[in-house]
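Undergrad: Quick one: structure below, then a few questions.
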């Protein structure tokens, strides 16, 4: 039986996928990317959209695991007043995966701009043997705060304010965040389509 290989080694993501599969009664063995060992070639995320990057990840991994299902995601923050930046460069906006420097760069570029509207987007891409590519999207809208708030989360979470909770992502509990986050919404959409996709319908 094919495994479901998650294009990540993030333990939180892996457990989240496992729980949601159990909830919809889909029996798949979920494995992190590291279980493929050193076989996975380096993946350069040079796409111009989140979907292009996620698709590239999934297709690259599928080359070394052609009999398995591969689930990849790409996500990021887009700020209206910065013409959609940091967008696909979210993780490396101020260098290489430096969360604090990335946040500082967004806050510095915004300055005292009154338009602080922003969006978190996530795209999930699922591929498998003799299956069409399944793509789902998730988006949550919010505002960029003027300073960091909260101790949970990662990335831009401390400055992303969610009006419906009157909190930043970093002030939300994990359960609250998963219900409304861009990745949570994309994952919910994926799980709604997964059973029929697996059945070939």
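Undergrad: Considering each of 89, 69 in turn, give the residue that is surrounded by fewer than 19 Cβ atoms within 10 Å (Cβ to Cβ) and in contact (Cβ under 8 Å) with a residue 12 or more places away in the chain. Reasoning before the result, please.
TA: Working: 69 fails: surrounded by fewer than 19 Cβ atoms within 10 Å (Cβ to Cβ).
After ruling out the rest, the residue left standing is 89.
Undergrad: Among residues belonging to segment 25-51 that are part of a helix (DSSP H, G or I) and in contact with a strand residue (DSSP E or B) (Cβ under 8 Å, 6 or more places away or on another chain), point out the one that is surrounded by the fewest Cβ atoms within 10 Å (Cβ to Cβ). Don't jump to the end; show me each part of the working.
TA: Filtering segment 25-51 for residues part of a helix (DSSP H, G or I) gives 33-39, 50-51.
From the residues that got through so far, the ones that are in contact with a strand residue (DSSP E or B) (Cβ under 8 Å, 6 or more places away or on another chain) too are 33, 35-36, 50-51.
Working: 33: 19, 35: 12, 36: 16, 50: 25, 51: 17.
Of everything passing the filter in segment 25-51, 35 is surrounded by the fewest Cβ atoms within 10 Å (Cβ to Cβ).
Undergrad: Further question on the same structure: Of the numbered conditions (1) in contact with a helix residue (DSSP H, G or I) (Cβ under 6 Å, 6 or more places away or on another chain); (2) more than 19 Å from residue 6 (Cα to Cα), residue 85 fails exactly one; give the number of that condition.
TA: That leaves (1) as the condition not met.
Undergrad: So which of 101, 118, 81, 54 is free of Cβ contacts under 8 Å to residues at least 60 places away in the same chain, crowded, with 19+ Cβ neighbours inside 10 Å, at negative phi and outside any loop (DSSP other than H, G, I, E, B)? Working first, answer last.
TA: On the way: 101 fails: crowded, with 19+ Cβ neighbours inside 10 Å; 81 fails: crowded, with 19+ Cβ neighbours inside 10 Å; 54 fails: free of Cβ contacts under 8 Å to residues at least 60 places away in the same chain.
On inspection, the qualifying residue turns out to be 118.
Undergrad: How about segment 133-179: which of its residues are in a loop (DSSP other than H, G, I, E, B), buried (at least 17 other Cβ atoms within 10 Å of the Cβ), in contact (Cβ under 8 Å) with a residue 60 or more places away in the chain and at negative phi?
TA: Residue satisfying the conditions is 156 alone.
Undergrad: Can residue 138 be described as modelled with pLDDT of 95 or more and under 24 Å from residue 16 (Cα atoms)? Even if it seems obvious, please write down each step before you answer.
TA: On the way: modelled with pLDDT of 95 or more: yes; under 24 Å from residue 16 (Cα atoms): yes.
In short, yes.
The values are calculated or read from the model by the stated rules, or taken from the named source; none is laboratory data. The model shown is predicted, which means the values in this text are computed figures rather than measured ones. FYI the Cβ positions are ideal-geometry reconstructions off the backbone, even for glycines, and counts take in every protein chain you see.
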